[in-house]
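Here the structure comes first, spelled out in structure tokens, and everything after it is commentary.
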Amino acid sequence: ESISDKLSMEEFLVDALKGSVILGEPRNLACLAKTWKGGGLSPKGMDGNEGVLLIEKLKAVDYEYREGVHWTKCPGLLGTGSFGEVYKMEDKQTGFQCAAKKVRIENFRAEELMACTGGVHAKVLPLYGAVKEGLWITLFMKLMEGGSLGQLLKQRGYLPEDRALDYLGQALEGLEYLHAHSILHGDVKADNILLSGDRSHAVLCDFGHAAHLHLDGMGKHLMTGDYVPGTETHLAPEVVMGKRCDSKADVWSSCCMMLHLLNGCHPWTQYYNHPLCLKIAKEPPPLREIPPSCHPATAHLIKAGLEKDPTQRASAAELRVKACEALEKVGGLKSPWRGEYRQPR
Ligand SMILES: CN1C=C[C@@](O)(C#Cc2ccnc(-n3nc(C(N)=O)c4cc(F)ccc43)c2)C1=O
């Protein structure tokens with residue numbers, strides 16, 4: 001079909017979807033989500049209820065899926081993501097439990113959904129659906145019983161080198177997949193890595209800062225439009241300088257996360273006061289924060305990921321290979337889980 005046919009097909013789809021909650025597919029959700037950005041109110045005004053659920057266990061009733069009616073929030077906050085709080089929820093009909101992030105419509109970015117409707121990957125948190133109710137968008141996703149790596153780090157102080165290398169390697173697998181689909185995560189950090197119940201598996205989450213990278217690889221000016229940068233201590237030099245950015249910005253952030261895992265504190269914060277942006281732009285990369293006890297292979301991979309010039313910086317794929325090699329050289333995954341608390345360095 002021609003482009004115009006495709007567009008009209010999409011418009012037709014969106015028209016059919018407006019005002020209803022259906023069990024559908026990721027591409028249906030992607031079309032509908034684009035109409036939410038402007039905060040445009042649905043025909044039913046403030047109380048409109050529309051969306052797409054992607055799994056059978058979340059059941060809309062008569063094309064509606066409303067909080068307190070068809071699903072309920074379980075007590076207690078799981079965490080706070082970009083622009084929204086995350087709760088455990090339960091579907092009233094099926095009893096199925098998952099996680100839900102609520103975002104005010106004015107803070108909603110369709111990119112948050114585009115990033116996770118593009119496809120499924122073992123290292124990316126699965127999306128279960130998204131529903132607009134009045135001025136709120138609720139994003140449903142798989143529940144990760146192990147909580148976030150940020151929470152684990154708070155409990156442990158800092159992680160042993162082998163554990164840090166294993167989690168970094170898993171995060172880089174997820175980034176490799178996103179980057180292959182021209183998606184920049186935009187906020188790679190321990191809080192946005194979620195763990196399975198036994199803490200052996202890690203997935204990337206929170207695409208609230210995601211951006212679609214141009215296919216020409218020319219990089220994208222992030223500091224424009226509705227883009228909100230990620231966590232300051234993890235921002236790459238090219239981001240703070242407002243230059244064109246590409247997937248290498250996530251690689252820098254992943255190595256800032258690695259320093260956080262190994263030290264128990266964010267990089268730069270032990271040496272400089274806020275605003276850190278100027279230091280990140282001007283100072284050499286924070287290589288002095290690599291613990292001296294690290295294996296040379298670990299130090300080498302952090303250096304490769306903290307090159308200030310993004311063209312000289314390793315890619316996620318290259319860095320993942322280095323992380324796997326370093327993990328082998330330190331003897332593989334051996335540290336016990338019940339290890340003692342380690343006072344942050
Ligand atoms: C697929 N998808 C849809 C929305 C999304 O952009 C997000 C997110 C997000 C942000 C912060 N935190 C959590 N968060 N989720 C869980 C969970 N699923 O169990 C969780 C559990 C915690 F203990 C702490 C924070 C948590 C999830 C996204 O990625």
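The values are calculated or read from the model by the stated rules, or taken from the named source; none is laboratory data. Quick caveat: nothing in here was measured; it's all calculated off a predicted structure. Cβ sites come from the backbone with ideal geometry, for glycine too, and all protein chains shown count toward neighbours. Accessible surface is based on the protein model in full, side chains and every heavy atom, while ligands, DNA and RNA are left aside. Shrake-Rupley method; radii C 1.70, N 1.55, O 1.52, S 1.80 Å.
A few remarks follow.
- Cα gyration tensor category, rounded, prolate or oblate, for the stretch 95-161 with a/c compared to 1.5: prolate
- Relative contact order of the stretch 1-133, pairs being alpha-carbon contacts under 8 Å that are 6 or more residues apart, as %: 26
- Between amide H atoms placed 1.01 Å from N, distances below 5 Å from residue 129 occur with 54, 140, all of them 5 or more places distant or on a separate chain.
- Long-range HN-HN contacts of residue 245 with modeled amide H, under 5 Å: 220, 221, 222
- For the chain, calculated [θ]222 nm from helices alone, where every DSSP H run of n ≥ 4 adds -39500 (n - 2.57): -9500 deg cm²/dmol
- Axis of helix 296-305 versus longest Cα principal axis of the chain: the two differ by about 50°, to the nearest ten degrees.
- Gyration tensor verdict on the stretch 132-214 (Cα atoms; rounded if a/c is under 1.5, prolate if a/b is larger than b/c, oblate otherwise): oblate
- Percent antiparallel among DSSP beta bridges (both partners in the stretch 34-123, rounded to 5): 95
- Computed from Cα positions, the angle between helix 3-17 and the longest principal axis of the chain comes to roughly 70 degrees.
- Three-way shape call for the stretch 225-326 based on the alpha-carbon gyration tensor, with the a/c threshold at 1.5: oblate
- Cα centroid of the stretch 78-140 to Cα centroid of the stretch 143-181, whole Å: 20
- Computed packing ranks the peptides 112-120, 172-180, 253-261 as 253-261, 172-180, 112-120, most packed first, by mean other Cβ atoms within 10 Å.
- Of the beta bridges in the stretch 50-178, as assigned by DSSP with both residues counted there, near 95 percent are antiparallel.
- Ranked packing of 186-198, 295-307, 72-84, most packed first, by mean Cβ within 10 Å: 186-198, 295-307, 72-84
- For the chain, alpha-carbon Rg and Dmax in angstrom: 20.8, 62
- Taking Lys and Arg as +1 and Asp and Glu as -1, the other residues whose beta-carbon sits under 12 Å from that of residue 245 total +2.
- Computed label-point distance, nm, for sites residue 224 and residue 9 using a 7 Å Cα→Cβ extension: 3.0
- Carbon-plus-sulfur accessible fraction, the chain (probe radius 1.4 Å, protein heavy atoms only): 55%.
- Heavy-atom surface of the chain, accessible at 1.4 Å and reported per residue (Å²): 45
- Here the ratio of the Cα radius of gyration of the stretch 138-270 to 2.2 N^0.38 Å is 1.04.
- When the C-alpha to C-alpha distance is required to be over 21 Å, the pairs from 92/132; 34/102; 123/279; 248/329; 154/308; 59/123 that qualify are 123/279; 248/329; 154/308; 59/123.
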